[in-house]
Structure formats: structure tokens, C-alpha cells
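S.K.: To start, I am sharing the structure in question, which I have written as C-alpha cells.
The values are calculated or read from the model by the stated rules, or taken from the named source; none is laboratory data. Every value quoted in this text rests on a predicted model; they were computed, and no experiment measured them. Glycine also receives a Cβ, built like all others from the backbone with ideal geometry; neighbour counts cover every protein chain displayed. Remember, those area values only see protein heavy atoms, side chains included, never the ligands or the DNA or RNA. Shrake-Rupley method; radii C 1.70, N 1.55, O 1.52, S 1.80 Å.
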Amino acid sequence: MFRFVHAADLHLDTPFQAMVRATPTIADALRDASLDAFDSLVQLAIDREAAFLVIAGDVYDGSERGVRAQFRFLRGLERLSTHGIQTLVVHGNHDPVDGWSAIRGQWPDGVTVFGYTGVETVPIDRNGNRLATVYGVSYPTRAVAENLSLRFRRTSDPGIHIGLLHCNVGGDRDHEAYSPCSLDDLRQAQMDYWALGHIHKRQVLSPHGPSVVYPGNTQGRSHKPSEMGPKGAMVVTVDGQMVRPPEFVPLDRVRFVGVEVDVARIADLPALSRALMGHAGAARAEHGNRGLLLRAVLKGRGPVHRDLSRPNAVDELLRDLRDAAETDEPFLWWESIRRETQPDLDRSVIRQRGDFASELLRRSEDIRANPESTERFGAAKLDALPPSIVQFLSEDLNGSHAALLQSAEDLALDMLEGNAS
């Protein structure tokens, strides 16, 4: 029995250019976040007594690799080497082999950086026993359109067989189609475990036969869905020839979190501020001792909509929240607040007015109460309408039809009440 650690997409020294508006303290913490996450990755491998660490591409954030990032990476590999932990690395689209390197001497003992001319194999031995064979190939340049998985073929060596590759399986549209391949392509190589990189969302595409795993990146980079939430690496336990389900271990020092607030029961801006602070407290409790970047979305209908619609109201609310969290440690930074609220509609008042809006509301309610009735079409002749429209009007107004009717009613009333933006 032994363990190995699978990581990918370190993106060391990510500049977080979109966050330059943050305070200097927070900006410094962001610049250090990817490097600190790598330090945690090294410590994880040591703490778990891993036999080896595999890194599936994009060690750096770009081909013009920063000196600081390269030195930090080298020191981490030196620590692993002194603990007898092998490290195996492939380069991906962000850090192809043709990129500049400050490290032109020999790597520490036990470090393998795979080349790009063909798939190479590296044996992992312990006490004279073959634990594993790791196969890998790097990107020569940024844009690799070839399906590199087709180059992998299992040898007859004992132990488990691990494919290390930076690729896009199944055509994930959130990432470039570099080294595109399918699960069937990976299965044909007869590996026991595919240690993949490139897709930043953590996912196990196949639990066995073989295991196909994306660990995600070690540090989130924005509020994109694939970048939010916990980020880290996989610890994989091997028992004989059985690869157990990987264990995810978070390593990130800064976490991007989304907050959604329904304003339906919020009377005014002070109440909204308290609600947002409550969400911040819940996020702090959930995500632990790390920096948080919060993005809030305000939804729904409520009286506070009118206050939020006043000039600069949302911007000033955002500044006040930032001021309130200024002394938080670790930091909490409100990145933005997006308003998607709508005005309150007092249907009871509209219904009693006897005007055009009240008549529209009555007709809409009649349709919902009697969806099977065709009297709501007045003098319209159904046989003059296209068949698809007749079918729509004749079906029960449930599910998406009911939602569509409700949206149309809301929009019409908003326009009649002068609320539509």
C-alpha cells in the first residue's frame, strides 16, 4: 500500500490583474496566494508520506515565467527530494516547454520533467519493488491540437500505470480544446489512473477502469463557476493493484465565493446591509481560515428596490461593506454587488383600481385558474393560428408555461406601473 498526490494547474504567481482595485494588503495576499497554495501542496505530500507527486501541467501562469515563481517551485521540489518523494511534471498550454526558464541546471534528485518529443516512462520503485510506472508528455508550444492520449500505451511492467496529461476530455467549453480526447481514447491506453490537468473544475470522470481525474487548480483565480469554491489536490491511495477513490484536500489560501440574496422581505438598505453581513459571516464559518472575495447578487421583488435604484446607492453600499470588513483577518473583500431586483407589485391594490392594469391582472389570473378554457382568446380564431401556437394555447399552463405567463404578467404590470427599466 502507498499513496501519491495528484495536482495540476498551479498557475504560480498569478497576477490577479482584475483585483488591482483591492487595498494593498489584499493585493499582496492575492499575489502570494498561488505560491502559498504550492507550499501547502509540498507539505501535504510530506505529511501523507507520499511516494511521489504528479503535476499535470500549467505550473506557471504564462510562458514568460516569473523568477519568483520559478524559485519557489524549485525550493518546493528540493524539499520533496530531501524527503525521498519523487516529483513528475508535464508542461501544459500556459507553461509550454518553449517558454523562458531561469532554471537551466540540474533538477533535484527524484524530479522528472517530461519532454515533448514522445511519451516517456518513469518507474517508481521502493525497496526493490515496482510501485508504479508514470507516463507523460509535455506541450512544446501553447496551442496543441493533437490528441496526445493516443500516444500512450501500457507496458508489461508490474505495479500500477499512471498517465500524466494536460488535455480537454469531452470538449469542455469553458477551456480551450487543447489535446482534445474522449474517455474511450483514455481507456484504450489501459492505464490504471489518468492524472489530468487543464480543466479547473474538480471532477472524477471515471471512478475505475481506469480512474480518470481532474483535481482542479490549487488556487482559484476569479468568480467564474469553475474557479469558485474549495481548490486543492487529490491524495490517491493504492492497495496492491487497486486504486482507491481519490481524497480531495483543499490547499487554497484565498477563496472566491458567490452570495445570492432575495430582497423579498428586506424593507430598507440598513436591513439589506445586515443581511449581506450575515451572509459574509456564514461564508467565513463555511470556508475557514482563508481570505475571501465575495460577489453578491441581489434578486427578487421588494420595497428596497426603489432605494437600490437611486444614483450610486449600490456603489455606496459596496463601499460601506468594505469599510466594515477592513480589519477582518484573514481578509474579507466585497468584490462587487450586482442588482437584479425588481419593484414590488401590490396586486391587491392594482386589482381594485378598475383600470387597464387591473383588467390585465384579472385576465391573467383567469387563465391560470382555467387554463383549459378557450374563451380567453375572445374573437380570435384558433384555426387561423399556426399549429404550434394552437398546441401551446391548448395545453395546461403548468411548468415552463406557467412561469412564462407569470413573467409576462410581471413585465406588463411593470410597464404599466412605470417600473420597467
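S.K.: Are any of the residues in the stretch 55-69 under 13 Å from Ala7 (Cβ atoms) and more than 23 Å from the chain's Cα centre (by Cα)?
M.R.: Among the residues of the stretch 55-69, not one is under 13 Å from Ala7 (Cβ atoms) and more than 23 Å from the chain's Cα centre (by Cα), which makes the answer no.
S.K.: In addition: Give Pro215, Pro210, Pro246 a once-over and let me know the one that is touching a residue at least 60 places away in the same chain (Cβ under 8 Å) and open to solvent by less than 20 Å² (accessible area, probe 1.4 Å).
M.R.: Working: Pro210 fails: touching a residue at least 60 places away in the same chain (Cβ under 8 Å); Pro246 fails: open to solvent by less than 20 Å² (accessible area, probe 1.4 Å).
Pro215 is the lone residue from the list that is touching a residue at least 60 places away in the same chain (Cβ under 8 Å) and open to solvent by less than 20 Å² (accessible area, probe 1.4 Å).
S.K.: Turning to a different aspect of this structure: The conditions are (1) of a type outside the set (A, V, I, L, M, F, W, C); (2) touching a Gly at 6+ places or on another chain (Cβ under 9 Å); (3) crowded, with 17+ Cβ neighbours inside 10 Å, and Asp307 fails exactly one of them. Which is it?
M.R.: (2)
S.K.: Name the residues in the stretch 54-83 that are more than 15 Å from Leu35 (Cβ to Cβ), buried (at least 21 other Cβ atoms within 10 Å of the Cβ) and without any contact (Cβ under 8 Å) to a residue 40 or more places away in the chain, would you?
M.R.: Correct list: Leu80 only.
S.K.: Additional query: Output the residues belonging to the stretch 253-272 that are more than 15 Å from Thr341 (Cβ to Cβ) and either touching a residue at least 12 places away in the same chain (Cβ under 8 Å) or open to solvent by less than 20 Å² (accessible area, probe 1.4 Å) (or both).
M.R.: Arg253, Val254, Arg255, Phe256, Val257, Gly258
S.K.: Output the number of the condition that Arg79 fails; it satisfies all remaining conditions of (1) modelled with pLDDT of 95 or more; (2) in contact with a helix residue (DSSP H, G or I) (Cβ under 7 Å, 6 or more places away or on another chain); (3) in a loop (DSSP other than H, G, I, E, B).
M.R.: Among (1) modelled with pLDDT of 95 or more; (2) in contact with a helix residue (DSSP H, G or I) (Cβ under 7 Å, 6 or more places away or on another chain); (3) in a loop (DSSP other than H, G, I, E, B), Arg79 violates only (3).
S.K.: In this structure, is Leu294 at pLDDT 95 or above and assigned to a strand (DSSP E or B)?
M.R.: Criteria met by Leu294.
S.K.: Going through Gly220, Gly171 one at a time, which residue ends up being modelled with pLDDT under 95 and either open to solvent by 10 Å² or more (accessible area, probe 1.4 Å) or part of a loop (DSSP other than H, G, I, E, B) (or both)?
M.R.: Gly171
S.K.: So, in the stretch 330-368, exactly how many residues are open to solvent by less than 20 Å² (accessible area, probe 1.4 Å), hydroxyl-bearing (Ser, Thr, Tyr) and in a helix (DSSP H, G or I)?
M.R.: 2
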